[in-house]
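Worksheet: one structure, shown below.
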């Protein structure tokens, strides 16, 4: 069977356009290796910072009837301790994208340098976590600060830099344009939607942090709109993320302008087999519709 789904994003070669989203199974080399073996075209690690971070106390995750609500608080062992995990992925063909965060341009750049030294193939700047102060969506809502961060990181590394944006802004296209002009090689749209849940018997917010990020099917229409807006605002590749559970969802994102898609919450409900299922579905769709390759799908909805 002719492979119509191989693609390239910012110099990264992917066997298919599916990627593991940050925060799901990205904690260890073995877990990410299992995702690659299950069919993912690339993996994004759990978000790492300069120093170890414990995150928030429990409860940190709530299952809703339309997805997952989480406020983990970016727990991580610190990026220097992640080298051993990346070493376990050296012989895999899928690119490893290291998700990083910081509280200033200088800190982002320091983390980025370490990420390169321990073997990351690319970086994804997490400037969009909706529940961490000074290191999340507050950055992604400020185009000037975001541009400063991207410029500083680009000065210090020579691997692709992807910027992951928040949907919790008035004009995501403007934010994406700022990132592109600062040197971003690609944009991921989007991170989770700020949300909360309250337990009616105790009358208390369920999450220890009160607010969290909603992921899963409920946010897919929001994410599709964001990808559509970003695609018409920038000339760099867009990676779609938010509520993708099937190949039909992936195709919809591509028609909106995504060159690849990230899958996260669906892994929790469907297992790692979702990557092969989505990739095969895209391949069959391309053959049925007469498309030569996946790139012909990207942004097609903008012609109407």
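Look through segment 60-71, keep the residues that are under 17 Å from residue 243 (Cβ atoms) and part of a loop (DSSP other than H, G, I, E, B), and return whichever of them is nearest to the chain's Cα centre (by Cα).
Initial filter on segment 60-71 (under 17 Å from residue 243 (Cβ atoms)): 61-70.
From the residues that got through so far, the ones that are part of a loop (DSSP other than H, G, I, E, B) too are 65-66.
Numbers: 65: 23, 66: 20 Å.
Filtering segment 60-71 for residues that are under 17 Å from residue 243 (Cβ atoms) and part of a loop (DSSP other than H, G, I, E, B), the one nearest to the chain's Cα centre (by Cα) comes out as 66.
Residue under question is residue 222, and the condition is that it be crowded, with 20+ Cβ neighbours inside 10 Å, modelled with pLDDT of 95 or more and within 24 Å of residue 299 (Cβ to Cβ); does it hold?
Working: crowded, with 20+ Cβ neighbours inside 10 Å: no; modelled with pLDDT of 95 or more: yes; within 24 Å of residue 299 (Cβ to Cβ): yes.
Spelling it out, it is not the case that residue 222 is crowded, with 20+ Cβ neighbours inside 10 Å, modelled with pLDDT of 95 or more and within 24 Å of residue 299 (Cβ to Cβ).
What number of residues within segment 11-47 are in contact with a strand residue (DSSP E or B) (Cβ under 8 Å, 6 or more places away or on another chain), without any contact (Cβ under 8 Å) to a residue 60 or more places away in the chain and farther than 17 Å from residue 126 by Cα?
1
Show me the strands (runs of 3 or more DSSP E) entirely contained within segment 207-304 in which 1 or more residues are touching a strand residue (DSSP E or B) at 6+ places or on another chain (Cβ under 6 Å) and farther than 19 Å from residue 169 by Cα. If you could, list the steps in order and put the result at the bottom.
Details: elements: 211-215, 238-241, 258-263.
The qualifying strands (runs of 3 or more DSSP E) are 258-263.
Can you go through 51, 8 and tell me which one is out of contact with any strand residue (DSSP E or B) (no Cβ under 6 Å at 6 or more places or on another chain), over 18 Å from residue 278 (Cβ atoms) and part of a strand (DSSP E or B)?
Working: 51 fails: part of a strand (DSSP E or B).
On inspection, the qualifying residue turns out to be 8.
Would you say residue 57 is part of a loop (DSSP other than H, G, I, E, B) and in contact with a helix residue (DSSP H, G or I) (Cβ under 6 Å, 6 or more places away or on another chain)?
No, not satisfied.
Take residue 198 and decide whether it is in contact with a strand residue (DSSP E or B) (Cβ under 9 Å, 6 or more places away or on another chain) and in contact (Cβ under 8 Å) with a residue 24 or more places away in the chain.
Values: in contact with a strand residue (DSSP E or B) (Cβ under 9 Å, 6 or more places away or on another chain): yes; in contact (Cβ under 8 Å) with a residue 24 or more places away in the chain: no.
When the stated conditions are applied, residue 198 does not pass them.
The values are calculated or read from the model by the stated rules, or taken from the named source; none is laboratory data. As the structure is a computational prediction, the values presented were derived from the model and not from experiment. Reconstructed Cβ throughout: ideal geometry from the backbone, glycine too, with neighbour counts over all protein chains shown.
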